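**Q** One structure is given below, represented as structure tokens, and several questions about it will come after.
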Amino acid sequence: MSRWKGILFPALLVLVFAPAFLCYSRVLLAMRAFMGGPTLLAGVVQFAVAEHAPLAPKVVIVDYYGDEGSAWLGIPEFDLLARNITVPGLSRRYSSVRCTSDGDICQLLTDEGLINAALSTAALVQSPAFDLRQSYFLLAGVAGISPKFGTLGSVAFARFSVQVALQYEVDAREIPTEFNTGYIPQGTTAPGQWPRYVYGTEAFELNDALRQRAVTFAKRAMLNDSVSAQAYRALYAGVPEHAAALQAPSVVACDTATSDVWWSGALLAEAFENTTTLLTNGTGTYCTTQQEDGAVLGALLRGALTGRVDFARVISMRTASDFDRPAPGMSATANLFGGQSAGYRVSVVNIYRAGVQVIQGILDDWDNDYAKGIPPNNYIGDDIGSLGGHPDFGPGSRFGGLPPDLSDVLPIL
């Protein structure tokens with residue numbers, strides 16, 4: 001009898017104190033949590049917060065600070081201010097997730113830099129207020145760009161995100177004469193060697209089939225440009241490899257470098273070009289520079305490991321606000337301190353102009369195509385195979401190519 005008391009008494013408490021949660025299946029889940037030992041707390045917490053069914057957005061826009069977030073406000077296509085959902089664990093400056101009235105589109109502002117981006121994304125992924133298993137994530141922010149591959153206002157979609165500064169560093173004034181940079185892969189003794197100390201977050205690879213669709217959608221946009229952007233990009237004339245910098249803004253497919261360090265200069269840009277090539281086994285093309293994507297992708301991958309996110313539904317989009325290196329005859333500091341404003345407004349506007357085309361493309365064909373997902377034709381995940389499969393870059397799978405075991409993951413209510 002004492003055994004039955006141990007089971008029935010908690011179950012009665014649930015029924016008495018949670019009359020608003022009379023969905024029979026949820027009551028059974030709470031009872032099972034009380035009997036299941038290790039899952040007790042998780043079961044009670046999920047049961048208690050699930051007063052309503054979790055919101056299941058079709059698209060989640062991920063921005064990083066106010067200007068990027070505001071690019072989506074006051075637009076004719078949808079209203080992100082219709083619903084505001086407070087999520088514990090977000091940045092205090094951006095403490096709620098904005099959503100449309102039907103919940104199809106939501107927006108997360110993570111706050112800037114790697115730590116903010118990782119923590120805020122993780123908070124959203126683990127929030128019981130959302131069911132993100134079918135959600136597409138559009139990472140949409142401004143970035144620096146290499147004049148080899150684009151120009152101010154260009155829109156770049158990445159297959160690879162590389163954490164380029166996850167290395168040893170020696171001040172460039174103190175490096176050996178045979179070194180071309182002070183950045184040295186961890187565990188090695190010279191630049192250009194594959195790192196021996198691998199964290200698993202050096203590089204992420206995204207669904208290229210989805211990326212190509214996003215590129216096609218974005219090319220429908222009429223991208224913004226400005227006189228100041230045109231004047232600044234004209235400074236890059238006379239260098240054949242910088243021909244792309246002289247063109248009008250366009251949509252390009254090339255990869256992105258993540259670092260908390262905001263750099264400027266041809267030497268650092270060349271070092272991180274080489275790092276991108278190294279860490280993607282020659283497949284990646286260094287193109288844009290930013291401070292958050294690797295962190296967001298790491299948090300989303302952890303969500304995929306618990307069945308809360310589909311990592312095959314992630315899109316990385318960046319719009320170019322500045323160049324990563326100076327024009328001929330210009331110093332690196334002049335580009336850093338004086339080159340930030342010329343393309344900034346253009347890049348912010350183009351977040352919306354290109355991004356809304358991607359969102360509408362997904363929503364317009366949701367029932368026929370996007371609800372079931374776009375199967376990747378390439379490996380997706382981190383550089384150690386956490387999601388299963390065998391990376392086509394890095395040291396190979398640390399898990400024998402096997403996918404994660406989701407049998408013990410608590411269902412989303």
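**Q** Tally the residues that are surrounded by 21 or more Cβ atoms within 10 Å (Cβ to Cβ), of a type in the set (Gly, Ala, Ser) and out of contact with any helix residue (DSSP H, G or I) (no Cβ under 7 Å at 6 or more places or on another chain), restricting the search to region 104-122.
**A** 1
**Q** Go through GLY343, GLY355 for me and flag whichever is under 19 Å from GLY74 (Cβ atoms), in the same structural domain as HIS242 (by TED's automatic domain parsing) and crowded, with 23+ Cβ neighbours inside 10 Å.
**A** Exactly one of GLY343, GLY355 is under 19 Å from GLY74 (Cβ atoms), in the same structural domain as HIS242 (by TED's automatic domain parsing) and crowded, with 23+ Cβ neighbours inside 10 Å, namely GLY355.
**Q** Another question, then. Quickly run through region 276-290 and pick out the residues that are of a type outside the set (Gly, Ala, Ser) and either out of contact with any Ser or Thr (no Cβ under 9 Å at 6 or more places or on another chain) or buried (at least 21 other Cβ atoms within 10 Å of the Cβ) (or both).
**A** THR276, LEU278, LEU279, THR280, ASN281, THR285, TYR286, CYS287, THR288, THR289, GLN290
**Q** Scan ASP310, ASP324 and give me the residue that is surrounded by 23 or more Cβ atoms within 10 Å (Cβ to Cβ), of a type in the set (Asp, Glu) and modelled with pLDDT of 95 or more.
**A** Exactly one residue qualifies, and that residue is ASP324.
**Q** Just checking, does region 314-330 include any residue being on the phi > 0 side of the Ramachandran plot, in contact (Cβ under 8 Å) with a residue 12 or more places away in the chain, in the same structural domain as GLU205 (by TED's automatic domain parsing) and in contact with a helix residue (DSSP H, G or I) (Cβ under 8 Å, 6 or more places away or on another chain)?
**A** no
**Q** Which condition number does ASP365 fail, the rest of (1) under 21 Å from the mean Cα position of the chain (by Cα); (2) without any contact (Cβ under 8 Å) to a residue 24 or more places away in the chain; (3) more than 30 Å from GLY187 (Cβ to Cβ) being met?
**A** Result: ASP365 fails condition (1) only.
**Q** Here's another thing I want to ask about it. Out of THR181, THR216, which single residue is assigned by TED's automatic domain parsing to the domain that holds ASP369 and among the polar types (S, T, N, Q)?
**A** Exactly one of THR181, THR216 is assigned by TED's automatic domain parsing to the domain that holds ASP369 and among the polar types (S, T, N, Q), namely THR216.
**Q** Mind listing whichever residues of region 245-301 are outside any helix (DSSP H, G or I) and more than 21 Å from the chain's Cα centre (by Cα)?
**A** GLN247, ALA248, PRO249, SER250, SER264, GLY265, ASN281, GLY282
**Q** From (1) surrounded by fewer than 17 Cβ atoms within 10 Å (Cβ to Cβ); (2) not assigned by TED's automatic domain parsing to the domain that holds HIS242, pick out the condition that doesn't hold for GLY373.
**A** Answer for GLY373: the failing condition is (2).
**Q** Here is a further query. Inside region 1-109, counting only helices (runs of 4 or more DSSP H) that do not spill past its ends, which hold 3 or more residues that are assigned by TED's automatic domain parsing to the domain that holds TYR352 and either within 30 Å of ASP369 (Cβ to Cβ) or at pLDDT 95 or above (or both)?
**A** 66-70
**Q** Right, next: Please determine, by comparing only the residues of region 255-275 that are among the charged types (D, E, K, R) and farther than 22 Å from LEU138 by Cα, which one is surrounded by the fewest Cβ atoms within 10 Å (Cβ to Cβ).
**A** Out of the qualifying residues, it is GLU270.
The values are calculated or read from the model by the stated rules, or taken from the named source; none is laboratory data. None of these values were measured; they are calculated from a predicted model. Every residue, glycine among them, receives a Cβ derived from its backbone with ideal geometry; neighbour counts consider all protein chains shown.
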